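Student: Sharing a structure with you now.
Readers should treat all values here as calculations from the given coordinates under stated rules, not as data from a laboratory. Note that the coordinates shown come from a computational prediction; the quantities given were computed from them, not determined experimentally. Neighbour counts run over all protein chains shown; Cβ positions are idealised from the backbone, glycine included.
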């Protein structure tokens with residue numbers, strides 16, 4: 001569906017590149033944004049004519065050069081540079097992807113810092129690559145209150161692109177990354193995507209950039225709310241004053257987000273009693289050997305009965321794409337409705 005609408009793919013591993021090609025996306029519509037890449041990773045991607053490779057580190061260019069000289073010396077390989085603008089944000093420290101450190105102190109591994117971006121472009125060109133774009137990604141889970149900080153990052157990217165154009169680098173595109181997601185709860189404020197796109201357009205026009213394309217990575221904003229996970233309640237359990245709905249799947253092998261990120265939340269609906277009055281608080285517990293394997297902690301929904309079906313909402317960005325055999329549980333089936 002996305003291919004028919006003209007979407008491109010931002011692939012972060014060779015496996016995702018293969019999946020995109022298998023789905024019919026032409027290489028010219030794939031941006032490969034890997035990190036901590038191996039020679040094998042690079043060789044596999046360099047085999048694909050027309051793909052654009054995003055450079056994540058200045059030091060990575062030497063490795064890319066070695067791979068190119070060994071097997072692809074006469075081949076034109078398009079590259080872009082993922083820079084780290086020094087500004088990062090996200091709903092959880094684990095999803096902040098720019099800046100020096102996350103709010104909990106973890107050093108951020110992504111991108112090339114500002115002072116090395118021009119050097120990276122020059123080195124890439126000197127090593128026989130063709131620089132065509134500039135990319136950034138701040139983090140995930142933007143809400144309305146983040147708009148001011150995002151605007152600042154947009155201005156930085158546009159200024160850096162203008163500097164590169166003055167130095168003679170002909171940019172085909174600026175990739176502003178992603179980060180704005182779907183509304184996971186009714187209380188969550190939604191990032192103003194329309195205002196954001198209008199702002200980016202104004203900044204590009206004001207700068208008189210020659211780059212012909214502004215790219216965005218909406219990701220979860222498009223697919224998150226398009227999917228739900230259905231769970232069957234097997235039985236209810238009481239323990240030390242806690243009430244559990246024990247269900248037929250686990251978080252880690254279906255929707256890992258609430259287990260991985262402390263602040264993550266997904267609305268849960270009792271499909272079998274959608275019109276019933278809400279009952280007391282109940283924890284929806286998965287079937288995996290992990291204390292953190294809960295889909296919702298003390299949620300307020302119509303009290304489930306054994307055999308009821310619950311729906312975990314906004315699960316379209318997870319489920320099959322992140323499914324695993326955690327505890328050797330089978331991967332659930334996926335039903336796609338076009």
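Student: Between the helical axis of 117-126 and the dominant principal axis of the chain, each derived from Cα atoms, what acute angle in degrees is found, rounded to the nearest 10?
Tutor: Helix 117-126 sits at roughly 60 degrees to that axis.
Student: For residue 70 and residue 39, compute 0.36 nm times the residue count separating them, minus their Cα-Cα distance, and round to one decimal in nm.
Tutor: Values: separation 31, 0.36 × 31 = 11.16 nm, distance 1.08 nm.
Stretched fully, the residue 70-residue 39 segment lengthens by 10.1 nm.
Student: Rounded to two decimals, what ratio of Rg to Rh does region 159-219 give with C-alpha atoms and a Kirkwood Rh? Let's see the in-between values first.
Tutor: Values: Rg = 14.5 Å, Rh = 13.2 Å.
Rounded to two decimals, Rg over Rh is 1.09.
Student: Give me the Debye-computed log₁₀ of I(q)/I(0) at q = 0.17, 0.23, 0.24 Å⁻¹ for region 215-316, equal point scatterers on Cα only, no solvent, two decimals.
Tutor: Results for region 215-316 at q = 0.17, 0.23, 0.24 Å⁻¹ read -0.73, -1.28, -1.38.
Student: Also, I was wondering about something else. If one computes the Cα centroid of region 85-159 and of region 1-43, what distance in Å separates the two points?
Tutor: For region 85-159 versus region 1-43, the Cα centre distance is 20 Å.
Student: Show that you can apply the helix-only estimate: for the chain, add -39,500 (n - 2.57) for every DSSP H stretch of four or more residues, divide by all residues, and state [θ] at 222 nm to the nearest 500.
Tutor: On the way: 8 runs with 82 residues, N = 338.
Counting only the DSSP helices, I get -7000 deg cm²/dmol.
Student: Given the C-alpha centroids of region 314-333 and region 212-248, what is the distance between them in whole angstrom?
Tutor: Cα centroid of region 314-333 versus Cα centroid of region 212-248: 11 Å apart.
Student: A follow-up question, please. Note down the relative contact order for the chain as a percent, whole number, built from C-alpha pairs under 8 angstrom at least six residues apart.
Tutor: On the way: 681 pairs, mean separation 39.9, N = 338.
Worked out over the chain, it gives 12 percent.
Student: For region 249-297, what is the Kirkwood estimate of the hydrodynamic radius, computed as the reciprocal of the mean inverse distance between distinct Cα atoms, to one decimal in Å?
Tutor: Numbers: mean 1/r = 0.0852 Å⁻¹.
Result for region 249-297, one decimal place: 11.7 Å.
Student: How large is the Kirkwood hydrodynamic radius of the chain, in angstrom, based on all distinct alpha carbon pairs? Walk me through the intermediate numbers first.
Tutor: On the way: mean 1/r = 0.0456 Å⁻¹.
So the Kirkwood estimate lands at 21.9 Å.
Student: Counting DSSP beta bridges with both partners in the chain, what percentage is antiparallel, nearest 5? The partial results should precede the final answer.
Tutor: Details: 19 of 46 bridges.
Within the chain, antiparallel bridges account for around 40 percent of the total.
Student: Counting every Cα pair in region 1-77, what percent are over 15 Å apart? Provide the component values of the computation, followed by the final result.
Tutor: On the way: 1533 of 2926 pairs.
Tail fraction, whole percent: 52.
Student: Let me ask something else about it. Could you list 301, 108 in order of exposure, starting from the residue whose Cβ has the fewest other Cβ atoms within 10 Å?
Tutor: 108, 301
Student: Arranged by the count of other C-beta atoms within 10 angstrom, fewest first, what order do 319, 271, 289, 314 take?
Tutor: 289, 271, 319, 314
Student: Can I ask one more? Can you give the log10 of the normalised intensity I(q)/I(0) at q = 0.09, 0.23 Å⁻¹, computed with Debye over equal Cα scatterers of region 89-214?
Tutor: Log10 I(q)/I(0), no solvent term: -0.29, -1.37.
Student: Next question, about the same structure. Sorted from fewest to most neighbouring beta carbons within 10 Å, what does the list 160, 109, 220, 238 look like?
Tutor: Numbers: 160 19, 109 11, 220 22, 238 8.
So the ranking, lowest neighbour count to highest, is 238, 109, 160, 220.
Student: Sorted from largest down, give the three principal axis spans of the alpha carbons of region 120-193, whole angstrom values.
Tutor: The Cα atoms of region 120-193 stretch 51, 20, 16 Å along their principal axes.
Student: If you line up the long axis of helix 60-71 against the longest principal axis of the chain, both from Cα atoms, how many degrees apart are they, to the nearest 10?
Tutor: 70 degrees
Student: With the Cα gyration tensor of region 1-146 in hand, convert its eigenvalues to equivalent ellipsoid semi-axes via √(5λ) and list them largest first in whole Å.
Tutor: Numbers: eigenvalues 135, 84, 32 Å².
Working from the Cα gyration tensor, I get semi-axes of 26, 21, 13 Å.
Student: If I fit a long axis through the Cα atoms of helix 147-166 and take the longest principal axis of the Cα atoms of the chain, what angle between them do I get, 0 to 90°, rounded to 10?
Tutor: The angle comes out at about 20 degrees.
Student: Right, another one. What residue among 37, 157, 138 shows peak mean-square fluctuation when the chain is described by a Gaussian network model with Cα springs under 10 Å?
Tutor: Most flexible of the set in this elastic network: 37.
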